[in-house]
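Student: Let me begin by handing over the structure; questions about it come next.
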Amino acid sequence: MDDWWRTTAEVLGSDYERVYRLDLESSRREVDAVLSMSGAKPGASVLDLCCGVGRHAVEFVRQGFEVTGLDISPTFLDVARQKAVQAGVQVTWVEGDMRDIPFEDRFDLVVNLFGAWGYFDTDAENEQVFRCVARALRKGGRFLLDFFNHDWIIRHFQPFACWEASGLHCLEKRHFDIYTGRHETTLVIIDESGNRREVNMSVRGYTFVEIKAMLERAGLHVLEAYGDYDRRPFSLETPRLIILAAKPD
């Protein structure tokens with residue numbers, strides 16, 4: 001599934017938030033939690049890495065931050081621009097690949113939220129993202145990665161899921177490839193008129209220990225690990241893994 005993240009963005013388009021049942025209140029809660037965990041203060045510069053449709057980027061600006069949103073999808077960025085205009089806020093939008101972030105010593109905080117990492121075919125490519133983050137951060141800057149808890153998913157593996165989302169019927173088939181360590185997902189979306197869309201996704205699963213080692217090789221020191229946005233301790237029983245790391249002074 002080479003470059004599946006490009007086709008997924010094009011298929012979901014403006015329905016992304018609708019499919020995943022995301023709303024303004026959830027975005028606010030998540031940004032509030034990120035700021036609490038990271039200690040970032042208004043006026044700081046933030047890079048929303050893989051910003052998608054801009055739901056977090058817009059909220060960061062609302063709370064007084066200077067924000068850049070980077071995403072590889074022009075479709076998602078078009079939605080994000082419209083969202084910023086509707087909110088009356090200014091965001092710098094950049095179309096780009098997270099393996100090649102075009103900034104150096106620029107940001108106080110970099111965030112990568114909602115599991116938007118682990119996409120690439122090799123561990124080296126996924127680790128390259130962290131090297132780019134380290135380069136983009138100022139000394140003392142912080143990086144917050146919101147990923148899924150691989151161990152929890154394996155322990156509670158569910159091969160199928162279905163849900164209704166504002167008139168859309170969503171069906172998901174899941175497979176874990178034990179030979180590659182990848183979580184393979186097929187998502188089928190059927191709208192009110194019976195039209196069918198399908199997207200395929202593939203994300204490399206990593207344990208906390210593996211991610212920590214990658215971050216440290218990239219020059220980022222792990223400060224904390226949380227199990228969710230409420231700052232509960234990370235454990236085998238938390239579906240999420242949120243890691244806060246810092247670039248040394």
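The values are calculated or read from the model by the stated rules, or taken from the named source; none is laboratory data. Note that the structure is a prediction, hence the values are computed from the model and not measured. Heads up, the Cβs are rebuilt from the backbone with ideal geometry, glycines too, and the neighbour counts pull from every protein chain shown. Quick note on the areas: whole protein, heavy atoms, side chains included, nothing else; ligands and nucleic acids left out. Shrake-Rupley method; radii C 1.70, N 1.55, O 1.52, S 1.80 Å.
Student: Taking the simple approach of a point 7 Å from Cα along Cα-to-Cβ for both ASP177 and ARG81, what is their distance in nm?
Tutor: 3.5
Student: Considering only DSSP beta bridges with both partners in the stretch 102-249, what is the antiparallel share in %, to the nearest 5?
Tutor: If we restrict to bridges inside the stretch 102-249, about 90 percent are antiparallel.
Student: With N set to the residue count of the chain, report its C-alpha Rg divided by 2.2 N^0.38 Å to two decimal places.
Tutor: 0.97
Student: Give the cross-link partners of LYS247 among the lysines, using a straight C-alpha distance below 21 Å as the criterion and excluding same-chain residues fewer than 8 apart.
Tutor: Answer for LYS247, where 21 Å is the Cα cut-off: LYS41, LYS139, LYS212, listed by chain and number.
Student: Let me ask you something else. In a Gaussian network model over the chain where Cα atoms closer than 10 Å are linked, find which of PHE130, PHE107, PHE160 has the largest mean-square fluctuation.
Tutor: Checking each option, the largest mean-square fluctuation is seen for PHE160.
Student: Still on this structure, I have one more. Quick check: the distance between the Cα centres of the stretch 126-163 and the stretch 16-73, to the nearest angstrom?
Tutor: 16
Student: Please report the relative contact order for the stretch 151-215, taking Cα pairs under 8 Å with a sequence separation of at least 6, and give it as a percent rounded to a whole number.
Tutor: 23
Student: Any idea what the relative contact order of the chain is, in percent, if you count C-alpha pairs under 8 Å spaced at least 6 apart?
Tutor: Dividing the mean separation by the residue count of the chain yields 19 percent.
Student: Helix-only estimate, please: 222 nm mean residue ellipticity of the chain, summing -39500 (n - 2.57) across DSSP H runs of length 4 or more and dividing by its residues, to the nearest 500.
Tutor: -9500 deg cm²/dmol
Student: Right, next: Counting only heavy atoms of the protein chains, get the accessible area per residue of the stretch 133-197 (1.4 Å probe) and round it to a whole Å² value.
Tutor: 55
Student: If I model a spin label at GLU198 and THR186 as a point 7 Å from the Cα along the Cα→Cβ vector, what separation in nanometres do I get?
Tutor: 0.5
Student: Connecting C-alpha atoms closer than 10 Å in a GNM of the chain, tell me which of GLU210, GLU59, GLU237 has the biggest fluctuation.
Tutor: Checking each option, the largest mean-square fluctuation is seen for GLU210.
Student: Restricting to Cα pairs below 8 Å that are 6+ residues apart, what does the relative contact order work out to for the stretch 50-157? Please round to a whole percent.
Tutor: 25
Student: Still on this model: Is the stretch 1-125 rounded, prolate or oblate when judged by the Cα gyration tensor, a ≥ b ≥ c being the square roots of its eigenvalues, rounded requiring a/c under 1.5 and prolate requiring a/b larger than b/c?
Tutor: In terms of gyration-tensor shape, oblate.
Student: Okay, next question. Once you've got the GNM for the chain with C-alpha springs shorter than 10 Å, pick whichever of ILE154, ILE189, ILE101 has the biggest mean-square fluctuation.
Tutor: Checking each option, the largest mean-square fluctuation is seen for ILE154.
Student: Carbon and sulfur atoms: what percent of the 1.4 Å accessible area of the chain do they account for?
Tutor: For the chain, the apolar C and S fraction of the accessible surface comes to 50 percent.
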